[in-house]
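Comments concern the structure below.
Coordinate-derived values only; no laboratory data. Every value quoted in this text rests on a predicted model; they were computed, and no experiment measured them. With ideal geometry, Cβ positions are generated from the backbone for all residues, glycine too; neighbour counts draw on all protein chains shown.
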Ligand code: FAD
Ligand code: THG
């Protein structure tokens, strides 16, 4: 795009995020960029002005890890007048407890799955890698050669200069105090400059696009546009020691030794010449109210050091690194930066104000990757990496409440270095959202976890006496946590008799009004202009054909649809794109539903409903269950005969109780999420956002059947040749159960990674769905899944693994 057609962009905030956004936008031809900061340039006083800049690429998220690898790559290519922006000293994470050794192996596996080289090394090698680590203090280490130190202020300056060379402006001492808008669009911003106190220095900057990159000021900036920016500013302690004996006389370079993490004690370390910098997450959470920041200081993000919080951390540091004994702390501060409820950044466009974008709660580590994603999003329509877990609009209203953000983010601070199992349930506030069946589930001994704000049963203790329990192989280690063989028995009982599943948390959206049909048909990949009473499985795609989400669309009337979706991000997309006259209403909270599935489902339902239940697969009908009006969909995510049964929330208990009473004589069980997952993987039903994302084409994800010719986003791109495929791997040993996110090997090469995994009780095998290169995806191909350092053999299998002819669904 030429400069003259560039939209006018204002970036608020010249930290490491704002500068990177300006660089990435101008690189893509959007050159009319103005970056405004309330502070003086080029060190305006935000978190970036004093971040010690450790870049560890390991993370719980594939997307974050790849944001980090791009940051490493980009910052390595930058310099400021010959001085480095990234110093590739490598990273070393040490284990002082046996559980951490396992965790290092798990992280090593994760890094292999995202293509970052790493090695688990013994104590002697740790000592050889780091001059202050004695071999007798550690059990093992994880060495990541490409980790290192980012010099955030230099990276800001270097990226700003590039952007300026392409036409951008950077203006300091311009505090944005108002965002100008017209008819739901941004039109510019108004600032007060440093001299505003004397009544001068007010200015307006017209803009078509505004990007909020204000770091922990986010909640204040968001308030200008009525946007709750759900992050919590918290102080975190960082200190520099006096010269350390073991670091003296090592030459003039700022840092040579790898950055070091001692996660068993929530500590990290970096060299500053002959001094050591130490950061601690071991102290109490110290939330900061951004409204009470000091206004007339150069470093509003730096608070006074609180030595009482520091003392235990320093004792732990000295225990690991004996060279620190007797070494004083020369300087320390409590530095502020942003934490979110789930540890992920906030990226995306304001739900109601077009042209107002946000990139907040971003570490230096991820800054370049985030900025690239945002620039692609603006310029191309969608980022090339999957960003759904970072989407600004991923939260429900309650999850944006200050109380929720404060509680979850504080917990994230405390747990930032903890060993977290993917199924560890979050602490409070709980329960947040409960289905009307919650009371009954509690009576049945449900073991709950919480996902997306909803309480969800994993399994039910009341099923412990099922005869099937004895057929489920026992487990050890991670795979055994938050799991019980009872879950496997619930799955078998569903295949053998009938199971009752809570479907209330599934996002349900009513789309209605003149044009509703044309809207959904033009938005998704399948044909939804079907007879009233039909259900259609269909996909929302990016312009380049990537799978944003899979939906079920039920036609309830000429211009009335119920859409089964995957969370708030889908609702946001539907709302954003709906034309005038089409109403998009999230009905999830006011409604509830169950899945009644299994060979005896018809027996159960016909005993409580006088309606004709002979309507076919993927058909919908309004029926009555006792006195309860119900929308019944002949759909089954577990691959058995049966229905999803929806009603309004007030009648939920009546629905559950009627079915429960009728189910007794048919051996019905209440079944939880683990059973659900095992059964869906036996059938090969994908979970959007987990198995496939916006990075994957439908054909690659095994979803070509849901794509029809037509005019919808992505239509032109869907026929591209698959480069890789999502396929099931069956483990050779049925007892080998992995967790997800493990690397998959062909010979000695990591060629892919696991998405979802579970034990398939009906087929008695460990199932791991995995992405593999197309030429290694044929059934029969031998592969190995690396699990805590062990290579578990398996083989690519043909799918579906269970009932390939679908006889269960259409008996
Ligand atoms: P900032 O750098 O805070 O920039 C936001 C800018 O917005 C500021 O310059 C501010 O002046 C400006 N602004 C705010 N409101 C307005 C307004 N109304 N108008 C105009 N301008 C406005 N990250 C790592 O990756 N590795 C680490 O090792 C690491 N260690 C850290 C240690 C400490 C002690 C601290 C405090 C942070 C650390 N971080 C680390 C986190 C990292 O520093 C931040 O996440 C990152 O710098 C945030 O960058 P940003 O551009 O979003 O925010
Ligand atoms: N139920 C409803 N809506 C949903 C889901 C659901 N929307 C979101 C998510 N789950 C969508 N995922 C799926 C995945 C697979 C199927 C249904 C929803 C499914 N697939 C069959 C198959 O692949 O063979 C049938 C597809 C077809 O005939 O077109 O059933 O759980 N309401």
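When the Kirkwood radius is taken over all Cα pairs of the range 1-152, what Stokes-Einstein diffusion coefficient follows at 37 °C and 0.692 mPa s, in µm²/s?
My calculation gives 185 µm²/s for D.
Volume per residue, Å³, of the convex hull around the alpha-carbon atoms of the range 206-359?
Considering the Cα atoms of the range 206-359, their hull volume per residue is 158 Å³.
With bins 5 Å wide starting at 0, give me the P(r) of the range 553-594 over every alpha carbon pair, in whole percents.
Final binned percentages: 5, 19, 28, 30, 14, 3, 0.
How high is the relative contact order of the chain? Use alpha-carbon pairs under 8 Å, at least six apart in sequence, and give a whole percent.
In percent, rounded to a whole number, it is 11.
What value, in deg cm²/dmol to 500, does the helix sum -39500 (n - 2.57) over DSSP H runs of n ≥ 4 give at 222 nm once divided by the residues of the chain?
Computed ellipticity for the chain at 222 nm equals -7000 deg cm²/dmol.
Which of the peptides 588-595, 158-165, 649-656 is most tightly packed, and how do the rest follow, judged by the mean count of other Cβ atoms within 10 Å per residue?
Packing order, densest peptide first, comes out as 588-595, 158-165, 649-656.
Based on the Cα coordinates of the range 427-505, what is the per residue volume of their convex hull in Å³?
Enclosed volume per residue, from the Cα hull, is 103 Å³.
Measure off 7 Å from each Cα along the Cα-to-Cβ vector at residue 705 and residue 611, then give the distance between these two points in nanometres to one decimal.
The answer from the label model is 2.6 nm.
Divide, for the chain, the radius of gyration over alpha carbons by 2.2 N^0.38 Å, where N is the residue count.
0.98
Quick check on the exposure proxy: order 78, 548 from fewest to most C-beta atoms within 10 angstrom.
With the fewest neighbours first, 78, 548 line up as 78, 548.
Just round it to a whole percent: the fraction of Cα-Cα distances in the range 668-811 exceeding 28 Å.
20
Starting from the 7 Å offset along Cα-to-Cβ, what nm value, one decimal, do you get for the label separation of residue 331 and residue 427?
Each label point is offset 7 Å from its Cα along the Cβ direction, giving 3.4 nm.
Rg to Rh ratio, the range 691-772, alpha-carbon atoms and Kirkwood radius?
Rg/Rh for the range 691-772 comes to 1.06.
At 0.36 nm per residue, minus the direct Cα-Cα distance, what do residue 99 and residue 795 gain on full extension? Give it in nm, one decimal, please.
Extra length from residue 99 to residue 795 when fully extended: 247.6 nm.
Could you compute the FRET efficiency for residue 319 and residue 420, with r as their C-beta to C-beta distance and R0 at 25 Å, rounded to 0.05?
Plugging the Cβ-Cβ distance into 1/(1 + (r/R0)^6) gives 0.55.
Can you tell me the relative contact order of the range 655-811? Whole percent, Cα pairs under 8 Å, sequence separation 6 or more.
Relative contact order here is 23 percent.
I'd like the orientation of helix 568-577 relative to the chain: the angle between its Cα long axis and the longest Cα principal axis, in ° from 0 to 90, rounded to 10.
Value to nearest ten degrees: 90.
Calculate the FRET efficiency for residue 778 and residue 803 from the Cβ-Cβ distance with a Förster distance of 25 Å, rounded to the nearest 0.05.
Once rounded, the FRET efficiency stands at 0.70.
What order do you get for 570, 424, 521 when you list them from fewest to most C-beta neighbours inside 10 Å?
Neighbour counts put them in this order, fewest first: 424, 521, 570.
How big is the gap, in Å, between the Cα center of the range 625-644 and the Cα center of the range 586-622?
So the two Cα centres are separated by 2 Å.
Would you mind checking the tilt of helix 402-414 against the longest principal axis of the Cα atoms of the chain, expressed as 0 to 90 degrees and rounded to 10?
70
Tell me, in nm to one decimal, what length is gained between residue 124 and residue 580 on full extension, where the rule is 0.36 nm per residue of separation less the Cα-Cα distance? All intermediate terms of the calculation are to be shown ahead of the outcome.
Numbers: separation 456, 0.36 × 456 = 164.16 nm, distance 6.74 nm.
Fully extending the segment from residue 124 to residue 580 adds 157.4 nm.
Could you work out how far the C-alpha centroid of the range 208-255 sits from that of the range 753-799, in angstrom?
Each part reduced to its Cα centre gives a spacing of 41 Å.
Pop a pseudo-label 7 angstrom from the Cα along the beta-carbon direction at both residue 242 and residue 76 and give the gap in nm to one decimal.
Result: 3.9 nm between the two label points.
Roughly speaking, what is the centre-to-centre gap between the range 286-354 and the range 410-428 when only Cα atoms are used, to the nearest Å?
The distance from the Cα centre of the range 286-354 to that of the range 410-428 comes to 19 Å.
Measure nothing fancy, just the Cα-based angle from helix 98-113's long axis to the longest principal axis of the chain, in degrees from 0 to 90, nearest 10.
Approximately 80 degrees, to the nearest ten.
Semi-axes of the equivalent ellipsoid of the range 289-442: what are they in whole Å, largest first, if each equals the square root of 5 times a C-alpha gyration tensor eigenvalue?
Each semi-axis is the square root of five times an eigenvalue, giving 33, 25, 17 Å.
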